[in-house]
Each structure stands twice: as structure tokens, then as C-alpha cells.
Amino acid sequence: MILYPPQKKSSWPRIIIFSFFLLAIFFNLAFLIKPENFYHLAFGDFQLGSYRNGLGIFENHRFHNFYNLSPYNDYLIIDNQKIQLWSTNDDQAKAQITFSPTWYNLVTEIFKNYFFSPAVNYSFKNKDIKLIYRAEKINDQCLLITKTISVKNQQNLQKISTTFSFNDTDFVFSPSTFQLYSNNSQEDLSVFTNVYQQNLSLSSIYTEPVLLSDSAIALKSLDNSGFLLVKIDPSQKFMIDQLNRLLILESSVLSDFSTIHFQVCSFSNFEELKATNL
Amino acid sequence: MIMNFFLLSLKFFVIPILIGRLLFLIFTFNHWWIELKKKKMFFESFCNLPWYFVVGEMFIFFLALFLHYFHLVSPEHFFLTLSHIINLIFYFAFFVNLITIFFFNWPKIKIYYFLLFGVIILSSILIYSCWLVKSPQPLNWDYYQHQLLADDIRLGNFSFFINQVSDTFGFLSYPPSFHLNLALAQGTQQLNSQSILAFWQNLTYLHFVTFLFAVAALAQVVFKNKKLTFLAVVISSLIFDSAVSFTSLFFLPQTFTAVWLILLLASFLHSFNLKTSLSWWRLFWGILFLIMSHFIIGSFAALFLLAVFLYLKFPFWQKKRSQLFISIFIIVLIIFAFYFARHLDLSFINRGEAASYIFTLDNVFNNLYRFYGVFGLIGVVGGFFVTLFSFFKNKNNSSLSWLFINVFLVSTAVLFSGFPYVAKFFTIFRFFYDLSLAVFLFWLLSLFKSHFIKVTVLILSFTTLFCTLIANFYFWKVDLNYQGYWSHSNKEDEQIADFLWQRYFNQPVLLISDPATQHIIEGLSGINSAGGAYGTKENRLLIANLYRSTKIENFLCDLQKISDSVTSPTTKKILAFSGRSFLWFESELSDKLLFNYNVWSPNNLSLRNQYFINSLKKSARVTAIYESPYMVILEVNLDNLSNCSDSVI
């Protein structure tokens with residue numbers, strides 16, 4: 001078969017066709033098909049994604065049971081006063097929130113996510129505060145979460161608090177002493193004991209957040225398969241807020257530019273968690 | 001190790017080809033000596049390969065039917081006997097082929113074919129490697145059921161009617177010719193699950209290579225242009241039809257049928273180009289082979305082959321008036337089909353599995369957009385118009401370009417018609433779509449004299465199609481996430497399958513779990529399950545009910561009622577519970593009754609799930625035989641179970 005190119009000598013038809021070709025290529029790359037679950041960083045049984053309210057940790061197919069790292073709950077201690085990062089009174093429209101996927105460079109994002117496991121970012125900025133969360137993989141089971149915060153009157157900043165929300169029926173406990181910090185029903189506790197053959201020492205009921213002495217805290221949901229372990233370094237302290245179901249990581253500010261790190265790991269079974277050298 | 005499985009999967013193609021060639025030599029005895037002395041061109045020899053395969057596979061299949069239905073061997077010895085006979089013929093065929101090919105009939109190969117072969121191998125390795133990223137297990141959901149049937153044949157459970165072999169096959173979509181070939185390639189010993197996976201990965205790669213050969217052959221015979229053939233191969237490797245048809249990267253009876261149809265078609269078109277006579281015998285074997293490979297796709301393919309054969313065989317149809325008549329007839333038929341599909345009540349055929357394959361115009365367009373992207377779709381349509389324009393402009397108009405135009409029109413009309421099941425036919429149509437895109441790109445390149453612009457157009461086109469392909473891969477795989485991998489199953493499924501095979505092989509037990517787990521474990525272990533992924537409504541309701549049972553007595557009674565419609569009832573049931581099972585239990589009842597609803601990726605057991613299992617373990621009839629955070633397997637003995645009322649569901 002003979003395929004005919006246009007026979008006219010003028011180069012204009014060719015220029016027009018080439019321009020249309022470039023346009024088609026541009027539209028193709030700009031409107032590539034996008035999967036819904038784009039920015040999920042897998043670690044163990046869990047995945048981490050970035051959303052409008054912050055970072056969310058959940059298990060595949062069990063989306064109703066999630067853990068949040070959100071500026072909505074986070075706060076700062078400035079001049080001995082607790083300042084919410086994102087209060088309900090804030091004009092939310094004025095806050096600049098960037099969460100993955102940004103779609104700035106769709107092709108690069110698709111390639112990075114398909115072939116590798118890139119870090120997941122979340123940033124929040126209002127008139128006084130700029131906050132960035134970055135979660136990256138250390139190994140198949142653990143993530144390193146870096147929180148960077150800059151505040152207008154940085155010199156008076158004393159403490160940064162990072163909150164880790166947990167669910168109604170979750171067990172929050174020390175993996176070394178098995179001291180329970182959450183307020184669980186007796187029935188749920190018997191389920192835990194039945195399955196793992198491990199008693200958890202009951203905690204008191206606290207109406208205010210209380211300071212904990214552990215450097216790692218485990219979280220286990222009745223409806224998830226994995227255990228989550230949050231590990232902090234010695235410059236940080238854990239607090240538990242039973243009322244609001246928050247695990248709080250409090251860090252003292254040592255420099256002008258404040259960056260804190262902590263690890264979140266996933267364990268498929270209780271034996272693995274107990275064997276962790278804490 | 002990899003080489004071993006590569007050779008094993010190669011046997012799927014090599015055994016029928018060599019036996020088929022031997023049969024050709026025997027049955028064309030009068031001509032064979034002349035044939036052998038004739039110096040053949042490579043492409044001519046290549047075009048004969050599909051016929052060798054067709055005849056070889058049909059010979060094996062009919063030999064198996066003969067042995068089985070004439071009761072010449074007992075079922076226990078069926079496969080071993082067949083395997084020995086085929087091996088004997090194979091070794092003899094190998095020897096005869098070796099002598100005739102190397103000493104008499106070695107074809108003359110031009111450098112162009114070496115280059116084409118190189119491009120096919122390079123493209124296939126690159127794209128297949130990208131497909132395997134983060135997916136160590138094959139992503140072909142159906143391969144578990146095909147492996148199961150191959151295992152059943154190995155055990156002597158052979159029948160033309162596959163729905164009489166296993167209740168996994170609810171209806172007769174194809175006879176087991178494909179599966180017989182699989183079993184013969186794998187040998188007389190059942191492979192362990194890791195070997196099965198390796199075998200299928202290699203076989204899928206070989207299928208992908210065969211697919212690219214089919215594209216090259218079709219492009220070569222229709223357009224007779226070397227550059228266009230290269231373009232068609234690269235373009236086809238960069239397109240994946242990731243919904244319903246799955247032509248290039250899934251090895252299934254439907255995709256296998258489509259690829260071999262194109263190879264047979266290319267062979268007829270090549271004979272036509274050489275002005276040699278088209279054989280009615282070949283047509284007969286071709287039609288038989290296609291229908292035996294897949295009843296629905298194969299029948300359509302057979303009709304297609306027949307239509308093309310008649311067009312090529314009789315010069316009357318190639319006259320301008322006849323061509324005009326056929327084109328008008330096709331257009332009227334298309335209008336009628338569109339009217340028929342939209343204004344008549346088709347609910348009587350839109351049921352069961354077919355209901356899952358009804359696509360609106362929107363769905364079809366979205367799928368094509370996903371496969372080809374904006375540029376690709378423009379190219380497909382553009383290529384059609386370039387061919388049309390060339391057909392009218394060219395005074396010595398080609399019969400094959402007319403054929404291509406009409407096939408493209410019919411394909412598009414059928415695809416958009418709205419009839420159930422037609423989306424599956426895209427496995428055939430996509431060859432013509434890919435070719436149309438190649439024509440467009442060829443035309444685009446021929447517009448420009450500057451080499452710089454030509455190279456720019458080529459690089460931009462291939463890069464764009466590659467990006468579309470990766471986005472398509474990612475879109476398709478991302479929801480199958482399990483611990484950072486994208487897969488339907490995991491390593492532990494393989495271990496569990498081997499464990500169950502060692503413990504229960506050939507014993508009367510019934511595996512019970514959610515449909516996806518049944519499908520995977522049954523496929524890898526060969527242990528019989530309650531219908532795999534295609535269990536009956538009754539079984540699905542009973543399995544769903546297990547989780548709702550508040551009393552162990554009710555649980556055991558429900559369990560007793562779950563049965564396999566093909567094999568005899570058993571009192572020993574194997575319960576396999578993973579997180580996936582409980583997620584299925586907790587889903588909507590209407591979803592649980594659907595064949596196309598599954599929890600597609602593995603999931604570990606939650607604390608609540610483990611507690612439920614612990615409560616079952618308290619019964620004296622229940623023994624835990626395997627326990628891990630992923631899955632617990634319970635053996636339940638239902639001997640002498642009484643006091644079961646019928647009103648449990």
C-alpha cells in the first residue's frame with residue numbers, strides 16, 4: 001500500500017500538522033490517567049497518605065480505621081501559652097495547604113511512584129506559621145517522619161507538639177512494660193489477652209493530658225492487623241490525651257529553625273513487636 | 001533455574017509446532033520432497049509456523065479425546081499414557097525436523113528479519129520488565145483457574161466439558177485443548193507453587209513475544225513496508241489494553257486465540273500477496289482450532305477468518321463493484337446493529353457473566369483513552385483516514401487496504417455497539433487499532449524531509465506512548481497494594497498451597513474460604529474448593545453465613561451444607577481464613593453474590609478476626625493446622641454431625 005503525504009509544495013500544511021502533533025503530545029502528557037490512591041507510602045501492613053487535614057496512616061481496605069498527623073490537633077508552646085496551629089476560628093481559606101498529589105509534574109510523579117517509593121509531603125502555611133511534614137521510608141517496616149516548623153516570633157517558641165490521633169477502641173500501651181494508656185473496655189481487653197496471651201496493666205482514667213516516661217508507644221486497633229510503634233528520641237516526650245484520643249509528642253525547641261524527627265514502624269505480629277530492642 | 005522454566009514454558013509452543021510440522025511432512029507426502037528441495041524465504045517459512053502449531057495442537061487434543069472417550073486407558077493412567085505417546089512423537093518429530101530444516105530446508109534470512117527480531121526482543125524485555133515492577137507474582141487473575149484445569153487433567157480428570165471437571169467452571173467457555181497443552185508442557189509431576197509462578201511468568205513473556213510477532217506479520221503483509229512494520233511492533237509493545245481484553249500481557253485462552261487468529265490471517269494474506277492458492281484444508285483446521293480455543297472469541301475469530309478467506313479466495317469480491325457493495329452492506333449492518341442494541345430489550349442475553357461486560361459508549365471511550373492516551377487515539381483515527389485517503393488516491397488500489405479499512409470500521413462499530421461481551425473482542429480489534437496508529441505515525445514521518453524533525457517526532461511519540469503505558473500500569477496495579485507490592489497473592493499463599501498439597505493431595509477434602517482465597521489456593525495447590533472464585537449462589541450465602549453464626553452448632557451445620565457440585569460430598573472441610581476472607585464477609589451481601597466482586601489483594605488478620613477464629617478452635621471438631629498473622633487454616637471434621645435444621649440460611 002502506498003501512503004500519500006500531502007502533495008502541495010507549500011510548507012504551511014506541514015507546519016500546521018507539526019503544531020497539532022505537538023499539541024496532541026502536550027495534551028496527552030498533561031492529561032494522563034491518574035489513579036485515585038496516588039501517594040500511598042507502604043510500610044509493613046500500613047500505608048501513609050497525604051490529605052487536606054494532614055498525613056493519614058491506615059491499612060489497605062480498612063480505611064475507616066486511620067491515624068492522623070494533622071496541624072488541626074498540633075500545637076505550640078509560646079511564652080508558656082498553648083497556641084493551636086490550625087484553630088477552628090482560623091479562616092481556612094487563607095491557609096495555604098499543599099498535600100500530595102500536587103500534580104505539578106504529573107509525568108515525573110507517576111514515574112517516581114511506579115518505580116520507587118518517594119517521600120510523602122504535606123505543608124500548611126498561615127500568616128504566622130509554616131509547617132511541613134515529610135514521611136520517607138527507612139526500610140520495609142519503618143518510616144521516618146520529619147516535621148519542620150517556622151514561626152514568626154521564633155525566639156519565644158518553647159515547645160512543639162505533634163499529635164497522633166488514635167481510634168475509639170485502640171490499645172495504646174508501652175511495648176516494654178505493657179502498661180496500657182488508653183481507656184479500653186473490659187471486653188476489648190479480654191479479646192487482646194485471648195489472642196496474644198498477654199495481660200495489659202490497666203491505666204487510670206485521665207481527664208488531662210499526662211506525661212509518659214516511654215521512648216516508644218505501641219498502638220493496636222481491634223480492626224487492624226498490624227501494630228504501630230511510634231519511636232521518639234530522648235529530646236522528646238510522650239503525652240497521652242485520653243479525652244481527645246491523642247498521643248502527643250512534645251519536643252523542646254533548641255534552635256531557631258525547628259525540625260523534629262520520629263519513627264513510625266509497623267509490625268505484623270505481637271512477637272515481632274516484643275522482640276524489638278527499645 | 002529461570003532457564004529451566006523458560007524451556008518448560010517454551011514447550012507449550014514447541015511441542016505442537018514440531019508435531020504439526022511432522023504431520024505436514026507426512027500428509028503432503030507427494031510434495032514433500034519437492035518442498036524440501038525448494039529454497040524458501042524466511043517469511044514464507046515463518047508464515048507456516050502457525051499452521052504447524054494449529055495442526056499439532058489439534059492432533060494432541062483429538063488424540064486425548066480418543067483415548068478418553070473410547071476408554072482405551074483408565075483415568076488414573078490417562079495423562080501418563082498420553083504424555084508418553086506425545087513425548088515419543090515429539091522426539092521423533094524433533095529428529096525429523098532437525099534433519100529436514102538444517103540439511104534441506106534452511107530458509108534464507110535477510111538482515112531485516114534479524115533487525116526486526118532484535119527490536120521485538122528488546123521491546124518485549126523492556127516493557128515486560130516495567131510490567132513486573134513491584135509485582136513478583138503474575139497479575140493475571142485467571143491463570144489460577146487454568147492451572148487448576150491443567151492439574152486436573154494431569155490427575156486424569158479429562159473431559160471435553162470442563163464444567164464436568166471442576167465447579168470452578170460454571171459454564172463451558174472452551175474445551176480443554178489449551179489446558180492439555182499446558183499440562184503436557186509442565187510434565188507428569190505436579191509443580192510446586194513457586195515453579196507454577198515461574199512457569200506462568202515465562203509463558204506470559206513468550207505470549208507477549210508471540211503477540212509482537214503477530215503484529216509484525218500483519219503489518220508486513222498488509223502494508224508491505226519495512227519501516228511501518230518496525231513502527232507497528234514498537235507501538236504495539238507500548239500499548240496495554242488493561243480492561244477486559246488484556247491482549248498483550250495476560251496469557252489466557254481469549255488472548256491466545258486472538259494472537260493465533262492474527263498469525264493465521266497474516267499467513268493467508270501472505271499467500272494472497274504471493275498469488276499462491278489458499279487452502280481450504282488450512283481454513284478448516286484454522287476454524288476448528290479457533291473455536292476449540294475459546295467458544296465465544298474463537299467463533300468470532302473463525303467467522304473473521306472465513307470472511308477474509310472468501311474475500312481473498314474469490315477475485316470477484318475484489319472488484320470495485322463488489323467492494324462497494326460489501327462496504328455499503330457493512331455500513332447498513334452497522335446502523336442496524338446500533339439501532340438494535342439501543343432499542344431492543346437485550347436483558348435476556350445481558351445476564352450472568354455477560355452482565356459484567358456491558359459497556360456504555362462512555363466506558364468504551366474511557367478505556368480507549370486509558371490504553372492509548374490523547375495522542376494515541378488521534379493517531380488511531382488519523383491512521384484510518386490516511387489509509388482511506390491513500391485508498392482513493394491510489395489508482396492501483398490495493399485489495400488489502402480496502403480490507404483494512406473495512407475491518408477497522410467493523411471493529412469500531414462492534415466495540416461501540418453496546419452489545420454484551422463485545423469489549424472482549426477488542427483482543428482482536430486492537431491489532432488493527434495499533435496498525436492504524438502505526439500508519440498515522442508513518443505518514444507523519446513521511447511529511448518531513450528534515451531528519452532532525454523526523455527523529456524529534458519519533459522520540460516524542462514513543463516517549464508519550466511510554467508515559468501513557470506506565471500511567472496505565474500504575475492505574476491498574478495501585479489498588480492491589482500489599483506491603484509495598486502490587487499483587488493478588490503473596491509469598492505465604494504459595495507456602496500455604498504447598499503445605500496443603502503435601503498434606504491433602506488426592507484426599508477427599510473441600511477447601512472453604514472467601515472466593516478470592518479459594519481461587520488462589522485451589523489454583524496453586526490443586527486442593528478442591530467450593531467453586532473457587534465462581535462458587536454458586538447457595539455456597540456463597542452459606543460461606544457468608546459462617547461469620548454471622550453465633551453458635552458453633554449453626555456454624556458446623558452451615559459448613560456441612562457447603563458442597564462441590566462436581567465431586568462427591570466430604571465430611572472433612574478445610575477452612576482458610578485470612579484478613580481478606582473477613583473483609584469479604586463484612587462486605588454487602590449483594591456484592592458477595594457477584595463474580596466480579598472480590599477482595600483483590602491479600603490482607604492480614606485483624607485482632608477481632610483472630611478472636612473469632614479462637615472461638616472456633618474451642619470446638620472438638622476443629623483443629624488448627626496452620627497459623628500465622630496472615631492466615632489460619634482449620635481442619636473441621638464433620639463426621640456424624642446431626643441436628644442440623646434446614647433453616648440456617
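The values are calculated or read from the model by the stated rules, or taken from the named source; none is laboratory data. Worth saying up front: this structure is predicted, and the values here are computed from it rather than measured. Positions of Cβ are generated from backbone atoms using ideal geometry, with glycine treated the same way; all protein chains shown enter the neighbour counts. Side chains included, ligands, DNA and RNA excluded: accessible areas come from the protein's heavy atoms. Shrake-Rupley method; radii C 1.70, N 1.55, O 1.52, S 1.80 Å.
Among the criteria (1) open to solvent by 10 Å² or more (accessible area, probe 1.4 Å); (2) touching a His at 6+ places or on another chain (Cβ under 6 Å); (3) on the phi > 0 side of the Ramachandran plot, the one B:Asn506 does not fulfil is (2).
Here B:Lys551 meets each of (1) without any contact (Cβ under 8 Å) to a residue 12 or more places away in the chain; (2) open to solvent by less than 10 Å² (accessible area, probe 1.4 Å); (3) more than 14 Å from chain A (Cβ to nearest Cβ) with one exception, condition (2).
Quick one: would you say A:Lys130 is open to solvent by 60 Å² or more (accessible area, probe 1.4 Å) and within 17 Å of A:Asn53 (Cα to Cα)? Yes; evaluated as a whole, the condition is true for this residue. Residues in segment B:227-271 that are charged (D, E, K, R) and either away from chain A (no Cβ under 13 Å) or touching a Lys or Arg at 6+ places or on another chain (Cβ under 6 Å) (or both): B:Asp241 only. Screening segment B:611-626 for residues that are under 27 Å from B:Glu494 (Cβ atoms) and aliphatic (A, V, I, L, M) and picking the one that is nearest to the other protein chains (Cβ to nearest Cβ) gives B:Ile613. Restricting attention to segment B:68-108, the residues that are more than 27 Å from the chain's Cα centre (by Cα), part of a helix (DSSP H, G or I) and over 14 Å from B:Leu155 (Cα atoms) total 19. For beta carbons closer than 8 Å, sequence separation of 6+ or different chains, a first residue in segment B:322-343 that is without any contact (Cβ under 8 Å) to a residue 60 or more places away in the chain and a second that is assigned to a helix (DSSP H, G or I) and exposed (fewer than 14 other Cβ atoms within 10 Å of the Cβ), the qualifying pairs are B:Ser322/B:Phe316. Over 30 Å from B:Leu197 (Cβ atoms) and without any contact (Cβ under 8 Å) to a residue 24 or more places away in the chain: does that describe B:Leu122? Against the criterion (over 30 Å from B:Leu197 (Cβ atoms) and without any contact (Cβ under 8 Å) to a residue 24 or more places away in the chain), B:Leu122 does not qualify.
Screening A:Thr207, A:Thr146 for residues that are over 17 Å from A:Thr276 (Cα atoms), among the hydroxyl-bearing types (Ser, Thr, Tyr) and touching a residue at least 60 places away in the same chain (Cβ under 8 Å) leaves exactly one candidate, A:Thr146.
Within segment B:446-482, the set of residues being hydrophobic (A, V, I, L, M, F, W, C), within 9 Å of chain A (Cβ to nearest Cβ), open to solvent by less than 30 Å² (accessible area, probe 1.4 Å) and out of contact with any strand residue (DSSP E or B) (no Cβ under 8 Å at 6 or more places or on another chain) comprises B:Leu447, B:Phe448, B:Val457, B:Leu465, B:Cys467, B:Ile470, B:Ala471, B:Phe473. The residues of segment A:19-72 that are more than 7 Å from chain B (Cβ to nearest Cβ), assigned to a strand (DSSP E or B) and under 19 Å from B:Lys134 (Cα atoms), listed by number, are A:Leu41, A:Phe43, A:Phe46, A:Leu48, A:Gly49, A:Glu59. All conditions in (1) assigned to a helix (DSSP H, G or I); (2) open to solvent by less than 10 Å² (accessible area, probe 1.4 Å) hold for A:Val172, with the sole exception of (1). Taking segment B:129-225 as the region of interest, the helices (runs of 4 or more DSSP H) fully inside it that hold 1 or more residues being aromatic (Phe, Trp, Tyr), in contact with a Leu (Cβ under 9 Å, 6 or more places away or on another chain) and open to solvent by 10 Å² or more (accessible area, probe 1.4 Å) are B:193-223.
Among the residues of segment B:579-608, those identified as facing chain A (nearest Cβ under 8 Å), out of contact with any His (no Cβ under 9 Å at 6 or more places or on another chain) and outside any loop (DSSP other than H, G, I, E, B) are B:Leu607, B:Arg608. Of the helices (runs of 4 or more DSSP H) that lie entirely inside segment B:438-551, those containing 2 or more residues that are out of contact with any Cys (no Cβ under 6 Å at 6 or more places or on another chain) and small (Gly, Ala, Ser) span B:451-477, B:515-525.
How about segment B:397-418: which of its residues are hydroxyl-bearing (Ser, Thr, Tyr) and not in a helix (DSSP H, G or I)? Within segment B:397-418, B:Ser398, B:Ser417 qualify.
Residues in segment B:604-625 that are among the small types (Gly, Ala, Ser) and within 38 Å of the chain's Cα centre (by Cα) were compared, and the one that is surrounded by the fewest Cβ atoms within 10 Å (Cβ to Cβ) is B:Ala624. Can you confirm whether segment B:320-330 contains a residue that is of a type in the set (S, T, N, Q), at pLDDT below 95 and open to solvent by 30 Å² or more (accessible area, probe 1.4 Å)? No: segment B:320-330 contains no residue that is of a type in the set (S, T, N, Q), at pLDDT below 95 and open to solvent by 30 Å² or more (accessible area, probe 1.4 Å).
Scanning segment B:419-436 for residues that are over 13 Å from B:Phe404 (Cβ atoms) and assigned to a helix (DSSP H, G or I) yields B:Val422, B:Ala423, B:Lys424, B:Phe425, B:Phe426, B:Thr427, B:Ile428, B:Arg430.
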